[in-house]
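The values are calculated or read from the model by the stated rules, or taken from the named source; none is laboratory data. Just so it is clear, the model here is predicted, and its values are computed rather than measured. Glycine also receives a Cβ, built like all others from the backbone with ideal geometry; neighbour counts cover every protein chain displayed. Each accessible area value is taken on the protein alone, full model and side chains, heavy atoms only, with ligands, DNA and RNA left out. Shrake-Rupley method; radii C 1.70, N 1.55, O 1.52, S 1.80 Å.
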Amino acid sequence: MEFSNVLKLRKSIRGYKPEQITKEELEKVLWGAYTAPVGRGAFDSLHLAVIQDPEVIENIRLAVADKMESPLKPFYAAPTVILVCGQKSKVAEKVIVYADVACVTAQMHLAATDAGLGSIYLHGFIAPLNAKPEEVAKLGLPEGFIPLAALSVGYPKEPLAERELKWEKIATTYL
């Protein structure tokens, strides 16, 4: 797909079919992460946790429900959730890890669109989850890593459709 078409089709999807995505589709999304720009090439400071077990997704939802505005929908019923994790020590000392996590998550978001999948960049449940170290421990992440963002992925209930893109949606100064 042409990149400009990916940009026109990409949007945050908040409704998914229950069917799981295929291994090949998941690999296309992960390829987006693996090709993302990461400061100083420090890919070892990041970790991805792919969650496709409905029970694990539900356990996370229940663990953060008391802190969520919309406790029933932190993942919008997507069958796949990809946690983008960083080293806890680097979070405290370097803000760059957040930029790296954002690049990885955004690139997976675009790769999902390119594969015809719906996705949504998630952050709202992260702080409530990290506030419960016992729940984070259940995820089996490598020592010292914590979730910093996530992407829900699945087949959208409604087909992806081009949207009108507005020029200069963000205020821009030209010098």
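Quick notes
- Pairs, first within 25 Å of residue 12 (Cβ to Cβ) in the range 134-153, second open to solvent by 30 Å² or more (accessible area, probe 1.4 Å) and among the acidic types (Asp, Glu), C-beta under 9 Å, six or more apart: 153/25
- Residue that is over 25 Å from residue 68 (Cα atoms), surrounded by fewer than 14 Cβ atoms within 10 Å (Cβ to Cβ) and touching a strand residue (DSSP E or B) at 6+ places or on another chain (Cβ under 8 Å), where the choices are 142, 159: 142
- Qualifying residue in the range 35-44 (condition: within 22 Å of residue 158 (Cα to Cα) and charged (D, E, K, R)): no
- Check on residue 133, of a type outside the set (Lys, Arg), touching a His at 6+ places or on another chain (Cβ under 7 Å) and open to solvent by 40 Å² or more (accessible area, probe 1.4 Å): no
- Annotation: residue 97 fulfils all but one of (1) part of a helix (DSSP H, G or I); (2) in contact with a Lys or Arg (Cβ under 9 Å, 6 or more places away or on another chain); (3) under 12 Å from residue 11 (Cα atoms); the unmet one is (3).
- Filter result for the condition that a residue is in contact with a strand residue (DSSP E or B) (Cβ under 8 Å, 6 or more places away or on another chain) and either open to solvent by less than 10 Å² (accessible area, probe 1.4 Å) or of a type outside the set (A, V, I, L, M, F, W, C) (or both), over 34, 121: 121
- Selected residue [more than 21 Å from residue 96 (Cα to Cα), open to solvent by less than 70 Å² (accessible area, probe 1.4 Å) and charged (D, E, K, R)] from 2, 19, 25: 25
- Identity of the residue in the range 63-92, free of Cβ contacts under 8 Å to residues at least 24 places away in the same chain and part of a loop (DSSP other than H, G, I, E, B), that ends up most open to solvent (accessible area, probe 1.4 Å): 72
- Tallying residues that are open to solvent by less than 50 Å² (accessible area, probe 1.4 Å) and in a helix (DSSP H, G or I) within the range 37-55 yields 3.
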